[in-house]
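First the structure, in the form of structure tokens, and then the observations on it.
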Amino acid sequence: MYDTGNLSYNWAKSHMQILTHSIDVLKESKPLKGITLGFCLQITKETSVLLIGAKELGAKVVACSGNPLTTQDSIAAFLASKGIEIFAWSNQTKSEYDWCQSKVLSCKPDIIIDDGGDLNTKAHFDRRFQSLKIIGATEETTTGLTRYYSMQKKGKLRYPIIAVNNAKTKMIFDNKYGTGQSTIAGYLRAMNLLFASKRIVVCGYGWLGKGVAQKCAGMGSKVIVTEVDPIKALEAHMDGFNVMPISQAAKIGDVFITCTGMRDVVQKQHLLSMKNGAIVGNVGHFDVEIDSKFLLNQVVRQVRPNLDECVLSNGKKIYLISKGRVANLIASEGHPPEIMALSFSNQLYSVLYILKNHKKMQNLVYDVPKQIDNQVATDTLNSMNVKIDNLSKNRLHIKPDGKSVKA
Ligand SMILES: NC(=O)c1ccc[n+]([C@@H]2O[C@H](COP(=O)([O-])OP(=O)(O)OC[C@H]3O[C@@H](n4cnc5c(N)ncnc54)[C@H](O)[C@@H]3O)[C@@H](O)[C@H]2O)c1
């Protein structure tokens with residue numbers, strides 16, 4: 001187990017140049033000395049690079065998983081052997097998952113690094129942890145932010161939270177390119193069927209949906225998009241995809257991928273109207289997008305790892321990937337390391353920013369400072385040996401009469 005974890009860590013590390021370079025540069029000065037960091041992230045090989053890096057920068061590192069199912073056990077074992085206090089294993093029950101989160105909070109973290117908002121929510125609403133002195137937090141994903149914005153509106157935030165998810169160098173690359181690619185990987189492993197020529201229904205045309213639709217189209221699929229937002233729907237239409245309501249798409253789709261972060265996207269009546277043999281799955285954060293409860297209450301047989309056959313009362317067989325949970329992480333291994341290097345560089349710089357600035361910050365959700373975002377993009381371009389131009393210093397100002405002058 002250790003060897004597998006160690007090899008995976010080294011493999012990821014060798015493809016996360018910008019993160020490892022920052023850690024190497026900062027190592028000497030130990031900027032995180034005396035600080036306890038509480039991580040609640042997907043425990044993957046890429047995350048191990050961030051966790052071990054944080055320890056090298058002087059932090060005490062405690063961690064649990066942001067998802068009860070997705071922990072890679074060899075990585076958890078490897079992290080434990082490296083002195084990380086880790087409370088995570090794969091396929092946890094709800095109470096085990098909860099216990100692990102409580103253990104992290106019992107270690108009194110100064111800063112929380114969360115993915116989905118479960119740990120921060122617990123730190124806010126579980127009486128045992130309400131008196132913890134947390135100076136700030138960061139959030140990796142859209143769903144976590146939705147929860148904090150609602151808490152902020154009610155004046156319930158106890159400390160500042162930096163929305164790492166909203167950094168351009170996170171959202172565009174992790175949500176779009178990362179999920180785009182890892183969703184294909186997860187679906188391929190679960191079903192091992194041809195993408196070319198299939199009608200793939202992508203629900204939601206946000207960052208995830210765009211990435212997934214683009215990759216499916218690249219594989220030769222006929223992509224249908226469903227949306228609730230007229231602007232996103234128009235964008236999908238102009239990008240060349242077929243746009244229609246789910247009630248219509250349900251009847252003709254071969255494969256369904258929910259990417260919304262919202263509930264009740266594919267409901268019982270949609271499942272009943274699908275073609276015999278349709279395959280449904282989800283890559284949004286929670287398993288609330290498809291009525292998987294209804295499907296799993298039918299006659300169910302496991303056909304392949306992460307693929308269940310559900311025989312409905314109307315005789316149709318519908319296939320469910322990863323029980324409706326986040327398929328790119330359960331049926332595959334999540335995002336590639338090159339992408340996670342961008343997300344985790346934003347995480348690292350945001351933690352350092354909180355450490356330096358928390359006294360000036362209010363109990364609000366903050367975007368990642370623009371200079372961090374630009375730094376991550378510049379570092380990544382440099383690591384890929386891509387050069388760009390500089391903006392001209394001679395700015396032009398257009399006067400109301402249409403004449404231009406130098407600003
Ligand atoms: N699987 C992963 O690795 C991964 C990675 C990043 C984010 N996420 C999660 O994926 C989800 C989506 O993230 P995002 O960044 O794309 O969000 P987003 O807000 O950019 O996009 C979501 C889209 O879904 C649309 N939508 C909402 N309800 C819908 C419905 N009923 N039918 C059709 N469309 C609907 C919205 O209008 C929006 O355009 C979140 O839960 C996020 O946390 C998962």
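Of note:
- Candidates Leu57, Leu79: the one that is surrounded by 22 or more Cβ atoms within 10 Å (Cβ to Cβ) and within 23 Å of the chain's Cα centre (by Cα) is Leu79.
- Thr143 being in a helix (DSSP H, G or I), polar (S, T, N, Q) and under 23 Å from Ser343 (Cα atoms): yes
- Taking the criterion of being farther than 18 Å from Ile290 by Cα, near the ligand (Cβ under 9 Å from one of its atoms) and among the small types (Gly, Ala, Ser), the residues of segment 202-235 that qualify are Gly211, Ala233.
- Checked against the criterion of being under 29 Å from Gly136 (Cα atoms), of a type outside the set (Gly, Ala, Ser) and assigned by TED's automatic domain parsing to the domain that holds Phe256, segment 196-207 has at least one qualifying residue.
- Residue count, segment 110-123 (criterion: closer than 15 Å to Val62 by Cα and either surrounded by fewer than 20 Cβ atoms within 10 Å (Cβ to Cβ) or over 22 Å from the mean Cα position of the chain (by Cα) (or both)): 1
- Checking Ile200, Ile184, Ile162 one by one, the residue that is buried (at least 20 other Cβ atoms within 10 Å of the Cβ) and either among the polar types (S, T, N, Q) or over 17 Å from the mean Cα position of the chain (by Cα) (or both) is Ile200 and no other.
- Single match in Met384, Met340 (criterion: within 21 Å of Leu145 (Cβ to Cβ) and either of a type outside the set (S, T, N, Q) or more than 18 Å from the chain's Cα centre (by Cα) (or both)): Met340
- Residue count for segment 223-235, restricted to those that are buried (at least 16 other Cβ atoms within 10 Å of the Cβ) and under 22 Å from the mean Cα position of the chain (by Cα): 4.
- Qualifying residue in segment 241-258 (condition: more than 9 Å from the ligand (Cβ to nearest atom), out of contact with any Lys or Arg (no Cβ under 8 Å at 6 or more places or on another chain), outside the structural domain of Asp115 (by TED's automatic domain parsing) and closer than 29 Å to Asn91 by Cβ): yes
- Qualifying residue in segment 131-138 (condition: closer than 30 Å to Leu7 by Cβ and within 22 Å of the chain's Cα centre (by Cα)): yes
- Among the residues listed as Thr179, Thr169, the single one being over 24 Å from Ser95 (Cβ atoms), hydroxyl-bearing (Ser, Thr, Tyr), touching a residue at least 60 places away in the same chain (Cβ under 8 Å) and away from the ligand (no atom under 12 Å from the Cβ): Thr169
- Arg263, sole failed condition from (1) outside any loop (DSSP other than H, G, I, E, B); (2) within 16 Å of the ligand (Cβ to nearest atom): (1)
- Of the criteria (1) assigned to a loop (DSSP other than H, G, I, E, B); (2) of a type in the set (A, V, I, L, M, F, W, C); (3) crowded, with 23+ Cβ neighbours inside 10 Å; (4) within 16 Å of the ligand (Cβ to nearest atom), which one Leu69 fails: (3)
- Once segment 266-303 is narrowed to residues that are surrounded by fewer than 21 Cβ atoms within 10 Å (Cβ to Cβ) and among the small types (Gly, Ala, Ser), the residue that is farthest from the ligand (Cβ to nearest atom) is Gly277.
The values are calculated or read from the model by the stated rules, or taken from the named source; none is laboratory data. Keep in mind that what you see is a predicted model, and the values were worked out from it rather than measured. Quick reminder, even Gly has a Cβ in these numbers, built from the backbone with ideal geometry, and neighbours come from all protein chains shown.
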